[in-house]
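Q: The structure follows.
The values are calculated or read from the model by the stated rules, or taken from the named source; none is laboratory data. Nothing here was measured: the structure is a model prediction, and the numbers come from that model. Positions of Cβ are backbone-derived with ideal geometry, glycine not excepted, and every protein chain shown enters the neighbour counts.
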Amino acid sequence: MSRNQILERIRQNKPAATPLPELPDFPRADLDPVSVFIQTVETGGGKTLPFSELEAWMAVEHPAARLIASNVPGIQGNVELDAVPTPTDLNPVDIAVIPSQLGIAESGAVWVTEADCVHRVLPFITQHLAVVLDRSNIVQNTQMAYNRIRVDETGFGVFIAGPSKTADIEQSLVIGAQGARSYTVFLR
Amino acid sequence: MNHAQKASAFIRDETRTDWHNRAVWHLRQKRDLGAGSVPEWEELRNLASAIKTHTLSNLDDYLTRFEEKAAANGVHVHWAATAEDHNRIVHGILTDHGVQKLVKSKSMLTEDCHLNPYLEARGIEVIDTDLGERIIQMRHEPPSHIVAPAIHIRKEEVGELFHKELGTDAGASDPKYLTEAARGHLREHFLSSTAALTGVNFAIAETGGVVVCTNEGNADMGVHLHGLQIHCMGIEKIIPRAADLGVFIRLLARSATGQPSTIYTSHYHRPKSGGAMHIVIVDNGRTEHLGRADFRNSLKCIRCGACMNTCPIYRRSGGYSYGHTVPGPIGSILTPGIDMKKFSDLPFASTLCGSCSDVCPVKIDIHEQLYKWRQVIAEAGHLPASKRWSMKVAGKVLARSGRYDFFGKMARMALRILPRFMVYNRFNPWGKARELPAAPKQSFKEWFKQQNQQP
């Protein structure tokens, strides 16, 4: 009922047709995506490190971490992601290590799909997030990123651009709101 | 109370007004840095505006495409003509799933529909999970800003509130400490609720999915932890292609807070395994607004809040002075469409300086629409008597050069010779809280004539 009523009213009231513009993606030859990415991640409260330092980072930065969930081959965790019965069981996870197929220089964001994180909630519920990204997969801007991915390839996908943050109390920036407290991208 | 009365109550506390002004202006300054970092900023605004215009001109088509795709993805799509329909549909879904506690992320639409009180009256606990929203929910207040809902509240007040509600230390007001307390409190609610509801930033016709942008990650903490997810969207949230997101995401957060993007840009396309996903498409006055040729452009709004952050009136009158969900310049052109008589004062809550239109990422002609609303409101007879008569008199005076010269002379003389109380009283709003400029001896016209006579 409502459906047809809404559509009918739109047909009566909509303006005359205008064209859908083509989308240029504004390439910049003067910028190196990798160095811009590194800088943007740091400005946004995150960190970048070489992939070779991932295990040392866990040992040095998070020696007290008890639960580590990894979906990156070669990085040993102690949470069997396929065997977790419900997503709420992931609440005690200290560190999640997940792969990403794409990074964006201008925002420091990485694209994470359901296939990358196994459980959709993992990159949010974990205390600390570690993402593994190939340097060659960093594009300059968000438009180029959307041209590279299929947003509906899996049921859920997210661009993550830093640690969870808020400025809702007097505009003071606080890192670690409801999601991960830290965001570290390991480049390889 | 009208806008001017509420604004004058707001500015009575001068220190607080200055503080509010600075807090909001801070966002504007960050927006300038964000926008300035993108050389193609103006081209992006043009593209965003053109995509939205095109979408509005094909809205029925894109909505049905979206519905078809979403259904193929296993999503239940509902249509709500009114706020009541929307609330009933959401309540029905929750009842079907036996939900007793719902976690919500920010949604101006559900605020507009008064969903929370509707559900609470039917025994469902509703927890707003955006930190700012949670703060105002605990204070039983509506949001005063669409991006920073608690921007009017000082940290000491949050400290007091959390001391009472969450048991934080008395007198503690450090934002980091308070945010940490809220994090623990909200985690418990995320874990113990059984359903989540979000607003929608963008809905992609091409793929049938919805996109939600947050910085805290609260939408995703809610959506992914349990089976049922509900997304409520106005019909105008549709965009044609996934690639269009590239343009809008580049503009949205930069315009709002200066960030290159929000921390999380989440794309929901299919229910999680064993779960259910519902999308409610809401009209609630939007199709009517689409029929107003002079005002339909306001449906292009992506809710970044840039227009309120830059507005000299909003910054010094606060969000509540506008009396409706969306405040500031964009609210002042949307709200009269809902009830022109009740909100007839809002288009006058502006200096028409045009700064709102300058910062708008989708190039809505906000200040021009404010001006047009004034005319529509005047024609409909909704002007207050004082404005109606003064306009009539001014019209008569300005229409004849002789009358204008005469009254100009009278006014200049009056300002010079009248005692203070005759000029500064309640009949002259221009003399309220400010000194009028010293009256010159001659008018510009007289001066100009004199100049031309001299060799």
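Q: Go through region A:12-29 and count every residue that is free of Cβ contacts under 8 Å to residues at least 12 places away in the same chain and either closer than 22 Å to B:PHE295 by Cα or at the interface with another protein chain (Cβ under 7 Å from one of its Cβ atoms) (or both). So that I can check it myself, show each step before the final result.
A: Going residue by residue through region A:12-29, those that are free of Cβ contacts under 8 Å to residues at least 12 places away in the same chain are A:12-22, A:24, A:29.
Narrowing the set further to residues that are either closer than 22 Å to B:PHE295 by Cα or at the interface with another protein chain (Cβ under 7 Å from one of its Cβ atoms) (or both) leaves A:12-21.
Residues flagged as free of Cβ contacts under 8 Å to residues at least 12 places away in the same chain and either closer than 22 Å to B:PHE295 by Cα or at the interface with another protein chain (Cβ under 7 Å from one of its Cβ atoms) (or both) within region A:12-29 amount to 10.
Q: Right, something else. Go through region B:90-110 and give me each residue that's touching a residue at least 12 places away in the same chain (Cβ under 8 Å), under 23 Å from A:ILE6 (Cβ atoms) and out of contact with any helix residue (DSSP H, G or I) (no Cβ under 9 Å at 6 or more places or on another chain).
A: B:ILE93, B:MET108, listed by residue number.
Q: Which pairs have Cβ atoms under 9 Å, sit 6 or more apart or on different chains, and link a residue in region B:164-181 that is within 12 Å of chain A (Cβ to nearest Cβ) and assigned to a helix (DSSP H, G or I) to one that is basic (Lys, Arg) and surrounded by 15 or more Cβ atoms within 10 Å (Cβ to Cβ)?
A: B:PRO175/B:LYS155; B:LEU178/B:LYS155
Q: Out of region B:63-86, which residues are buried (at least 22 other Cβ atoms within 10 Å of the Cβ) and assigned to a helix (DSSP H, G or I)?
A: Of all residues in region B:63-86, those buried (at least 22 other Cβ atoms within 10 Å of the Cβ) come to B:63, B:66, B:70, B:75, B:79-80, B:86.
Correct list: B:LEU63, B:PHE66, B:ALA70, B:HIS86.
Q: Which members of region A:100-127 meet the condition of being part of a helix (DSSP H, G or I) and either in contact with a Ser or Thr (Cβ under 7 Å, 6 or more places away or on another chain) or at pLDDT below 95 (or both)?
A: The answer is A:GLU114, A:ALA115, A:ASP116.
Q: Where the second residue is of a type in the set (Ser, Thr, Tyr) and assigned to a helix (DSSP H, G or I) and the first is free of Cβ contacts under 8 Å to residues at least 12 places away in the same chain and lies in region B:396-423, which pairs have Cβ atoms under 9 Å and are six or more apart or on separate chains?
A: Listed by first residue and then by second, the contacts come to B:VAL397/B:TYR404; B:LEU398/B:TYR404.
Q: Continuing with this model, one more query. Enumerate the helices (runs of 4 or more DSSP H) found wholly within region B:400-455, keeping only those where 1 or more residues are farther than 29 Å from B:SER8 by Cβ. Before the answer, list the steps.
A: On the way: elements: B:401-417, B:420-423, B:444-453.
The qualifying helices (runs of 4 or more DSSP H) are B:401-417, B:444-453.
Q: Going residue by residue through region B:239-255, is there one that turns out to be within 24 Å of the chain's Cα centre (by Cα), part of a strand (DSSP E or B), more than 9 Å from every other protein chain (Cβ to nearest Cβ) and buried (at least 24 other Cβ atoms within 10 Å of the Cβ)?
A: yes
Q: Please state which one of B:ALA306, B:ALA349, B:ALA276 is in contact with a helix residue (DSSP H, G or I) (Cβ under 9 Å, 6 or more places away or on another chain), within 13 Å of chain A (Cβ to nearest Cβ) and farther than 25 Å from A:ILE10 by Cβ. Give the steps one after another, and end with the answer.
A: Values: B:ALA306 fails: within 13 Å of chain A (Cβ to nearest Cβ); B:ALA349 fails: within 13 Å of chain A (Cβ to nearest Cβ).
Every option except B:ALA276 fails the conditions.
Q: When you scan region A:85-97, how many residues do you find that are part of a loop (DSSP other than H, G, I, E, B), more than 10 Å from every other protein chain (Cβ to nearest Cβ) and modelled with pLDDT of 95 or more? Talk me through it step by step, then tell me what you get.
A: Narrowing region A:85-97 to residues part of a loop (DSSP other than H, G, I, E, B): A:85-86, A:91-94.
Among the residues that remain, those that are also more than 10 Å from every other protein chain (Cβ to nearest Cβ) are: A:85, A:92-94.
From what's left, modelled with pLDDT of 95 or more: A:92-94.
Looking only at that region, the number is 3.
Q: Across region B:144-156, which residue is nearest to the other protein chains (Cβ to nearest Cβ) among those that are surrounded by fewer than 22 Cβ atoms within 10 Å (Cβ to Cβ) and within 14 Å of B:HIS20 (Cα to Cα)?
A: Among residues in region B:144-156 that are surrounded by fewer than 22 Cβ atoms within 10 Å (Cβ to Cβ) and within 14 Å of B:HIS20 (Cα to Cα), the one nearest to the other protein chains (Cβ to nearest Cβ) is B:LYS155.
Q: Check region A:10-25 and report whether any residue there is among the small types (Gly, Ala, Ser), in contact with a Pro (Cβ under 6 Å, 6 or more places away or on another chain) and modelled with pLDDT of 95 or more. Steps first, answer last, please.
A: Filtering region A:10-25 for residues among the small types (Gly, Ala, Ser) gives A:16-17.
Next, only the ones that are in contact with a Pro (Cβ under 6 Å, 6 or more places away or on another chain) stay: none.
Within region A:10-25, none of the residues are among the small types (Gly, Ala, Ser), in contact with a Pro (Cβ under 6 Å, 6 or more places away or on another chain) and modelled with pLDDT of 95 or more.
Q: Among the residues in region B:100-118, are any under 25 Å from B:GLY285 (Cα atoms), within 14 Å of another protein chain (Cβ to nearest Cβ), in contact with a strand residue (DSSP E or B) (Cβ under 6 Å, 6 or more places away or on another chain) and outside any loop (DSSP other than H, G, I, E, B)?
A: Among the residues of region B:100-118, at least one is under 25 Å from B:GLY285 (Cα atoms), within 14 Å of another protein chain (Cβ to nearest Cβ), in contact with a strand residue (DSSP E or B) (Cβ under 6 Å, 6 or more places away or on another chain) and outside any loop (DSSP other than H, G, I, E, B), which makes the answer yes.
Q: Related question: Quick one: B:LEU44 ticks every box in (1) surrounded by fewer than 20 Cβ atoms within 10 Å (Cβ to Cβ); (2) more than 30 Å from B:HIS278 (Cβ to Cβ); (3) over 19 Å from the mean Cα position of the chain (by Cα) bar one, so which box is it?
A: Here B:LEU44 meets the rest and fails (1).
Okay, residues lined up against (1) closer than 16 Å to B:LYS441 by Cβ; (2) surrounded by 12 or more Cβ atoms within 10 Å (Cβ to Cβ); (3) under 42 Å from the mean Cα position of the chain (by Cα); (4) modelled with pLDDT under 90:
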residue	(1), (2), (3), (4)
B:ALA378	no, yes, yes, no
B:PRO384	no, yes, yes, yes
B:ARG388	no, yes, yes, yes
B:ALA399	no, no, yes, no
B:ARG403	no, yes, no, no
B:MET410	yes, no, no, yes
B:LEU415	yes, yes, yes, yes
B:PRO419	no, no, no, yes
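Q: Only one of (1) within 7 Å of another protein chain (Cβ to nearest Cβ); (2) of a type in the set (Ser, Thr, Tyr); (3) more than 22 Å from A:PHE124 (Cβ to Cβ) fails for B:THR265. Which number is that?
A: (3)
Q: How many residues, within region B:190-217, are facing another protein chain (nearest Cβ under 7 Å) and within 21 Å of the chain's Cα centre (by Cα)?
A: 2
Q: Would you mind listing the helices (runs of 4 or more DSSP H) fully within region B:287-346 where at least 3 residues are touching a His at 6+ places or on another chain (Cβ under 8 Å) and modelled with pLDDT of 95 or more?
A: Numbers: elements: B:306-310, B:312-317, B:328-334.
The helices (runs of 4 or more DSSP H) meeting that bar are B:312-317, B:328-334.
Q: Do we find that A:ASP82 is of a type in the set (D, E, K, R), assigned to a helix (DSSP H, G or I) and modelled with pLDDT under 95 in this structure?
A: Here the answer is yes, as A:ASP82 does meet what is asked.
Q: Identify the single condition in (1) touching a Leu at 6+ places or on another chain (Cβ under 6 Å); (2) in a strand (DSSP E or B) that A:LEU49 does not satisfy, given that it satisfies every other one.
A: Failed condition: (1).
Table: residues versus (1) of a type in the set (A, V, I, L, M); (2) more than 12 Å from the chain's Cα centre (by Cα).
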| position | (1), (2) |
| --- | --- |
| A:PRO92 | no, yes |
| A:GLU106 | no, yes |
| A:THR113 | no, no |
| A:GLN127 | no, yes |
| A:ILE138 | yes, yes |
| A:ALA145 | yes, yes |
| A:ARG150 | no, yes |
| A:PHE156 | no, no |
| A:PRO163 | no, no |
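Q: Now for a separate question. What number goes with the only condition from (1) away from chain B (no Cβ under 11 Å); (2) without any contact (Cβ under 8 Å) to a residue 24 or more places away in the chain; (3) in contact with a helix residue (DSSP H, G or I) (Cβ under 8 Å, 6 or more places away or on another chain) that A:SER100 does not pass?
A: (2)
Conditions (1) β-branched (Val, Ile, Thr); (2) at the interface with chain A (Cβ under 8 Å from one of its Cβ atoms), marked per residue:
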{"site": "B:THR53", "(1), (2)": "yes, yes"}
{"site": "B:SER57", "(1), (2)": "no, yes"}
{"site": "B:VAL77", "(1), (2)": "yes, no"}
{"site": "B:ASN87", "(1), (2)": "no, no"}
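Q: Select from region A:128-185 the residues that are of a type in the set (D, E, K, R), surrounded by fewer than 20 Cβ atoms within 10 Å (Cβ to Cβ) and modelled with pLDDT of 95 or more and list them in ascending order.
A: Passing the criteria: A:ASP134, A:ARG135, A:ARG148, A:ARG150, A:GLU153, A:ARG181.
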